[in-house]
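Right, one structure below, let's go through it.
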Amino acid sequence: MPANHYFSETPEGELIPREIKVSLGGNKVTVITAGGVFSPEHIDQGTQVLLSHIASAKPSGIFLDIGCGWGPIALALAIQSPKATIYAIDVNDRCLELTKQNAERLGLKNIIACKPDEVPTNILFDEIWSNPPIRVGKEVLHEILKTWLKRLNKSAVARLVVQKNLGSDSLQKWLSNELPNDFETTRADSAKSFRVLKVVRN
């Protein structure tokens with residue numbers, strides 16, 4: 001894996017910010033991205049499929065965006081649910097810096113962008129939204145999902161978007177088998193070669 005891959009904590013190369021126009025929460029906005037992060041040119045198709053469900057987000061609570069990148073999911077959640085607190089986590093320092101800058105640009109004060117180990121251990125989440133980092137490998141991905149999904153609150157929901165040819169169906173089966181009995185995993189949507197998996201803690 002190249003050292004400047006977006007899974008790296010500190011991508012190689014100077015941070016050269018660029019502005020792009022995107023649609024978030026039904027509004028056209030200008031955000032900052034840069035090389036060394038996931039999908040720096042636009043909102044990727046999988047994230048767009050996930051964000052088509054954003055209206056179902058609860059109006060308040062504590063939310064989590066796993067692998068926030070430059071921030072599209074966290075920003076959309078903050079716009080949709082201004083009374084919620086959104087933790088946007090990533091191992092990539094550049095992603096966190098861009099998410100913070102974009103939140104500030106858009107006047108969003110309800111996003112906390114931080115490393116995974118900086119999230120207080122006593123927090124349970126009312127919602128989790130993620131385009132998870134499938135390409136880190138199955139073992140690492142499974143560990144990430146087990147760690148965070150088990151921190152769903154009672155009656156809480158996680159929504160994960162996964163491309164069909166990158167193992168969405170096998171991931172759904174794995175989640176059904178591996179999570180405790182009070183969790184239920186279903187397919188909430190299938191669009192543009194992506195599936196949205198819904199995990200509910202009953």
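A few notes on this one:
- Phe63 being within 18 Å of Cys114 (Cα to Cα), at pLDDT below 95 and surrounded by 16 or more Cβ atoms within 10 Å (Cβ to Cβ): no
- Test set (1) closer than 30 Å to Lys28 by Cβ; (2) within 17 Å of the chain's Cα centre (by Cα); (3) among the acidic types (Asp, Glu) - Glu118 fails condition number: (1)
- Of the criteria (1) under 16 Å from the mean Cα position of the chain (by Cα); (2) in contact (Cβ under 8 Å) with a residue 60 or more places away in the chain, which one Gln101 fails: (1)
Residue-wise test of (1) in contact with a Gly (Cβ under 7 Å, 6 or more places away or on another chain); (2) surrounded by 16 or more Cβ atoms within 10 Å (Cβ to Cβ); (3) closer than 25 Å to Val200 by Cβ.
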{"site": "Pro17", "(1), (2), (3)": "no, no, no"}
{"site": "Ser23", "(1), (2), (3)": "no, no, no"}
{"site": "Thr30", "(1), (2), (3)": "no, no, no"}
{"site": "Gly36", "(1), (2), (3)": "yes, yes, no"}
{"site": "Ser39", "(1), (2), (3)": "yes, yes, no"}
{"site": "His42", "(1), (2), (3)": "no, no, no"}
{"site": "Leu50", "(1), (2), (3)": "no, yes, yes"}
{"site": "Ala74", "(1), (2), (3)": "no, yes, yes"}
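For every residue, the table says whether it meets (1) within 28 Å of Leu96 (Cβ to Cβ); (2) surrounded by 12 or more Cβ atoms within 10 Å (Cβ to Cβ); (3) of a type outside the set (Gly, Ala, Ser).
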| site | (1), (2), (3) |
| --- | --- |
| Pro120 | yes, no, yes |
| Val136 | yes, yes, yes |
| Lys150 | yes, yes, yes |
| Val157 | yes, yes, yes |
| Asn165 | no, no, yes |
| Val196 | yes, yes, yes |
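- Of the residues making up segment 173-202, those that are under 19 Å from the mean Cα position of the chain (by Cα) and farther than 21 Å from Ser56 by Cα are Leu175, Ser193.
- Extreme residue, nearest to Val161 (Cα to Cα), among residues of segment 32-46 that are among the small types (Gly, Ala, Ser) and in contact with a helix residue (DSSP H, G or I) (Cβ under 8 Å, 6 or more places away or on another chain): Ser39
- Residue match in segment 136-153 (condition: free of Cβ contacts under 8 Å to residues at least 40 places away in the same chain and under 25 Å from Lys21 (Cα atoms)): no
- The set of residues in segment 73-105 being over 23 Å from Val49 (Cα atoms) and not aliphatic (A, V, I, L, M) consists of Lys83, Asn92, Asp93, Arg94, Glu97, Lys100, Gln101, Glu104, Arg105.
- Among the residues of segment 156-181, the ones that are free of Cβ contacts under 8 Å to residues at least 24 places away in the same chain and in a helix (DSSP H, G or I) come to 4 in all.
The values are calculated or read from the model by the stated rules, or taken from the named source; none is laboratory data. All values reported here derive from a predicted model rather than from experimental measurement. In this analysis, Cβ positions are derived from the backbone assuming ideal geometry, glycine residues included, and neighbour counts consider all displayed protein chains.
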